[in-house]
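The values are calculated or read from the model by the stated rules, or taken from the named source; none is laboratory data. Just so it is clear, the model here is predicted, and its values are computed rather than measured. Heads up, the Cβs are rebuilt from the backbone with ideal geometry, glycines too, and the neighbour counts pull from every protein chain shown. Note: accessible area is taken over every heavy atom of the protein model, side chains too, but ligands, DNA and RNA are not part of it. Shrake-Rupley method; radii C 1.70, N 1.55, O 1.52, S 1.80 Å.
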Amino acid sequence: MMNNPIGVFASIDAGYGVPLEVVKELGIKTIQLHTPTKASRTDENAQAFLKKLQEYGITVTTVFLGFDGETYESIARTAETVGLVPEKTRAARLAESYEIADFAAKLGPVMSKPAAIGSHIGFVPHDRTSPEYKSIVETTQTLCDYLAKNNQTLHLETGQEPVDLLMAFMDDVARPNIFINFDPANLILYGIGDPLGALRAVASRIRGVHCKDATATTGTPGVDWGCEVPFGTGEVGAEQFLRILHEIGYTGPLTIERELSSEPARQKAEISQAVRLIEELKAKIG
Ligand code: MG
């Protein structure tokens, strides 16, 4: 039986996710949470948020790292601004990652075990012999070691590099608590290639997924964005995606991600459709 719980990407005050009230209304019981803004990551807020999640019966499966100054406005700007790779902001963001991990630890009673910290780490340099590559490997090792002390794992979001490089990078980081959050749409959006082939290639390391869909760019892949569309209506192949997840023995949450927070009514309607589609497909797959 395909028993994976359904999840949704949620936000308190930052990021593209849906508000908690919408999660509750849709009857969804697991969330991945975009990190709250720095100002919101207080003890008091953590306790209030924890109480609300307990009241709603919602489990947090991942807390995603997010930082001021990140922008996804173009692929080039994403490479310049997102994650731990950009060198100018790296030290400060690593320190902030520890704070976010400690905030997640305060949500302990509603976090899945082991608790996961998710990250778009950035565009990892492709030359494995370069000093830039070695340096981001070391930073990631340092982060993994910090998370290990909190009994947390690091889930790298897919999309910004070919999966063979992602696998080699994880081998080089060589820590037992580093895994993958597989987002099939990102591979299409970033022009990296066939998401379902990639899914099989990284199967052993997947601990989270995003049910997200996209169509490829009509411009230059890797330079121009593809287009994010409702799950099941793009080029991922939703049924095949779930079938492969079932086949590889993935039992974790199926977390719907729809980056449409500027249009909340449409976002909610499309997530609700995605929930129905996933329920139908799970029943069909058996
Ligand atoms: Mg994603």
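Note: relative contact order over region 1-64, using C-alpha pairs below 8 Å and six or more positions apart, is 33 percent. For the chain, the carbon plus sulfur part of the accessible surface works out to 53%, probe radius 1.4 Å. Kirkwood hydrodynamic radius computed over the chain comes to 19.0 Å, based on all pairs of distinct alpha carbons.
Beyond 32 Å in Cα-Cα separation lie the following of the pairs LYS38/LYS149; LYS134/LYS282; LYS106/LYS284; LYS38/LYS134: LYS134/LYS282; LYS106/LYS284.
Is the shape of region 247-286 best called rounded, prolate or oblate, per the rule: a/c under 1.5 gives rounded, else a/b larger than b/c gives prolate, else oblate, with a ≥ b ≥ c the square roots of the Cα gyration tensor eigenvalues? In terms of gyration-tensor shape, oblate.
In a reduced charge model with +1 at each Lys and Arg Cβ and -1 at each Asp and Glu Cβ, the chain shows a dipole moment near 840 debye about its Cα centre.
Probing with 1.4 Å while keeping every protein chain in the model, the per residue accessible area of the chain equals 42 Å².
Using the Cβ-Cβ distance between THR251 and LYS52 with R0 set to 35 Å, the FRET efficiency works out to roughly 0.85.
Hydrodynamic radius of region 168-218 by the Kirkwood approach over all distinct alpha-carbon pairs: 11.9 Å. Across the chain, the mean sequence separation of Cα contacts (distance under 8 Å, 6 or more residues apart), normalised by length, yields a relative contact order of 19 percent.
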